[in-house]
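Structure first, then comments.
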Amino acid sequence: MRTIVRGGRVVTSSQAFEADVLIEGERIEALGSFPDVEADRVVDAAGKLVLPGGVDPHTHLDAPLKGTITADDFYSGTVAAAIGGTTTIIDFPVQEKGQDPRVSHADWYARAEEKAVVDWSLHQVITDLPDEFFPALDELIRDGSPSFKMFMAYPGARMVDDATIFKAMRRTAENGGFVLMHCENGPVIELLEKEAIAAGHVDPVYNSITRPPVTEAEATARAISLAELAGVPVYVVHLSAAEALDAVSRARDRGLPVYAETCPHYVLLTDEKLSEPDFGGSKYVMCPPLRTPAHQERLWKGLQDDDLQVVSTDHTPFTFEGQKEMGRGNFPKIPNGVPGIEWRTGLMHHFGVREGRISLNRFVE
């Protein structure tokens, strides 16, 4: 099937120009002027911007967390993505401890293949890595899933220690894989959470108080150091704190292959949301937590200067009733995460491009 998107303003990461877009099947074949080309479908884009489909490299669809499952499966989540202009998502199979990571990968693959309506891929989460699992990582890479995520948070659940992180990084130096890191100091945060609960501090606002910026900055710097020692690139997910971004900036200034993403909620919402009445603050519980306006300013500068390369959503949606309310009286039990897969492009265009924080080309980039 041939489609022509005619007469729009095509925007790339470096240019913007009037052009037609010629599409054969599902592939863009050419940009230019095609007045005499016959097409099965013609889309009149006059007066409109024609943008590439968005890639959201951080989503959690149909995912288990804290005794419940995220409110979107691969169908509802990818429909929302498509409506919002995102045409590719990357999700996260979670390895069970002691289980070959290919098992969870196959499970997520089957669900995505059955339900997703946009293009998709997978980052494999590693929670356990004895040497006998190394061939599984090699096979996943050969089969087209070259990226792996590890957690420095959530002791007793998904957290792996520094030795495991370093082992995985050294293996990717050999097999060409790519490591993503959730950077928070899990043991310190766990201690702060226990102390807060013991003192009767049980409300959602303590999600932020027990995860101060230094716990994110320390872990970010440590992950970068381990990657430097292993001689591999590293990608820091959902960065929220100015101090953590400073660690990324220093590494990039030294020429290290360090990359990082932030999310719309970190540049648009502040920790005041956690104090909303009637347990409303639970809707904004996420990890890392929302920060103060000063951190937002630093994140916007990071996007301008390319110290931050990506805006993802970390789309982890839960309902208020029956899910977020699970943490009443015990804030660490609130399922952590917020939605965003439908609204990322609109939010970043409005608050980024239209309000003059980033250019339209940078938005596309």
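The values are calculated or read from the model by the stated rules, or taken from the named source; none is laboratory data. Treat the numbers as computed from the prediction; the structure is a model and nothing was measured. Because the Cβ atoms are built from the backbone with ideal geometry, glycine has one as well, and the counts that use them run over all protein chains shown. For the accessible areas, the whole protein counts, side chains as well, though only heavy atoms, and no ligand, DNA or RNA atoms are used. Shrake-Rupley method; radii C 1.70, N 1.55, O 1.52, S 1.80 Å.
Data overview
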| quantity | calculated |
| --- | --- |
| Cα Rg over Rh - the stretch 1-104, Kirkwood | 1.16 |
| Under Karplus coefficients 6.51, -1.76 and 1.60, residue-wise ³J(HN,Hα) of the stretch 152-160 in Hz, glycine/proline x | 9, 10, 6, x, x, 10, 9, 5, 10 |
| Cβ crowding within 10 Å averaged over residues, with 62-72, 211-221 ranked highest first | 211-221, 62-72 |
| Average Cα contact separation per residue, the chain, under 8 Å, 6 or more apart, as relative contact order % | 16 |
| Evaluated at q = 0.20, 0.27 Å⁻¹: base-10 log I(q)/I(0), Debye formula over Cα of the stretch 294-365 | -0.86, -1.18 |
| Under-5 Å amide H pairs with His238, H placed in peptide plane, nonlocal only | Glu261 |
| Ordering of 245-254, 183-192 by burial proxy (mean other Cβ atoms within 10 Å per residue, highest first) | 183-192, 245-254 |
| Dmax and Rg, reported as Rg then Dmax, of the stretch 111-251 (C-alpha, Å) | 16.8, 51 |
| Distant-in-sequence amide H partners of Ile69 (H built 1.01 Å from N, under 5 Å) | none |
| Whole-number accessible area per residue in Å² for the stretch 124-261, which is evaluated in the context of all protein chains at 1.4 Å | 39 |
| Three-way shape label, the stretch 184-305, alpha-carbon gyration tensor, a/c 1.5 | oblate |
| Of Lys283/Lys333; Lys66/Lys194; Lys66/Lys301; Lys66/Lys283; Lys97/Lys283, pairs whose Cα-Cα distance is over 24 Å | Lys66/Lys301; Lys97/Lys283 |
| Rounded to whole Hz, the Karplus (6.51, -1.76, 1.60) HN-Hα couplings of the stretch 262-274, x for glycine and proline | 10, 9, x, 5, 6, 9, 10, 10, 10, 5, 4, 4, 5 |
| HN-Hα J in Hz across the stretch 187-192 - Karplus 6.51, -1.76, 1.60, θ = phi - 60°, x for Gly and Pro | x, 5, 4, 4, 5, 5 |
| Within the accessible area of the chain (1.4 Å probe), percent carbon and sulfur | 52 |
| The chain: proportion of alpha-carbon pairs further apart than 30 angstrom, % | 41 |
| Farthest positive-ward along the stretch 284-365 dipole, Cα basis, beta-carbon charges - from Val338, Tyr284, Gln296 | Tyr284 |
| Residues with amide H under 5 Å from that of Trp120, placed H, sequence gap 5 or more | Ile89 |
